[in-house]
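What follows draws every value from the coordinates through simple rules; no lab data is involved. From a predicted model like this one, the values you see are computed outputs, not experimental measurements. Counting neighbours? That spans all protein chains shown, and the Cβs are built from the backbone with ideal geometry, glycine included.
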């Protein structure tokens, strides 16, 4: 039962707090994407990802050290965690390429299918029971992705970068379910940003071109680090507050933030197909996540 008013304020329930932190997390990640895209206009993408990854890793490592937690726990070398790292690098690398080379609004819309892939993967990999209604929702969500991709005369192969990115993130989330227990949010945060740095290092080794960033570029890198770490913090708090089925659907608020920022800052104007596809993906995702 929620508590009564205190000093003119009404205490929030666990689900309400979780929803607020999930929404704040998605806003943070959407702003991080903007900074990454802006920084990549003057710096190689690999350098951008490597810098933000190292900075974020240092932040979470310092927090872990302050709590007396191991920076390199043996669990990091377990098979599930190594698989998780591989998927994380894939997701970070291809999503970074997608937001740099394609419209931010389109990439964000495609990314919203990640929870649907996780639902399908949980059934196929872990044998979790998925009702017919949820399978139909997953199918509708995939149709929405196809609407956004527009196979045919308007198809852009670069859009597949976002698809590979979402598969990487979905694989990461599935591998996390099999990860050893006992790892703190701080340790997982440090590892996640280390994988972002690894993705950047791979890209930088292939393309090269690193150079000393200008003042504005440094500001973009700092902004990406700040909002990325804040977004991750809020996400981990949200997933440990309230019921997962009540909190997770608020992941889709990221699309709203991304669309608004893309139109306001980059002059993007999503076409009707993108809006229809996004509506199908978000609607089916919310339905799938809230079904029992």
* To do: Give 61, 105 a once-over and let me know the one that is closer than 30 Å to residue 271 by Cβ, in contact with a helix residue (DSSP H, G or I) (Cβ under 7 Å, 6 or more places away or on another chain) and surrounded by 20 or more Cβ atoms within 10 Å (Cβ to Cβ).
  => 105
* Asked: Of the residues that make up segment 216-232, is at least one without any contact (Cβ under 8 Å) to a residue 60 or more places away in the chain and within 30 Å of residue 12 (Cβ to Cβ)?
  -> yes
* Considering only segment 64-85, how many residues are surrounded by 15 or more Cβ atoms within 10 Å (Cβ to Cβ) and assigned to a helix (DSSP H, G or I)? -> 8
* Report, by residue number, each residue of segment 246-292 that is under 24 Å from residue 129 (Cβ atoms) and loosely packed, with under 15 Cβ neighbours inside 10 Å. => 290, 291, 292
* Does residue 235 satisfy the condition of being touching a residue at least 24 places away in the same chain (Cβ under 8 Å), surrounded by fewer than 22 Cβ atoms within 10 Å (Cβ to Cβ) and farther than 29 Å from residue 185 by Cα? -> no
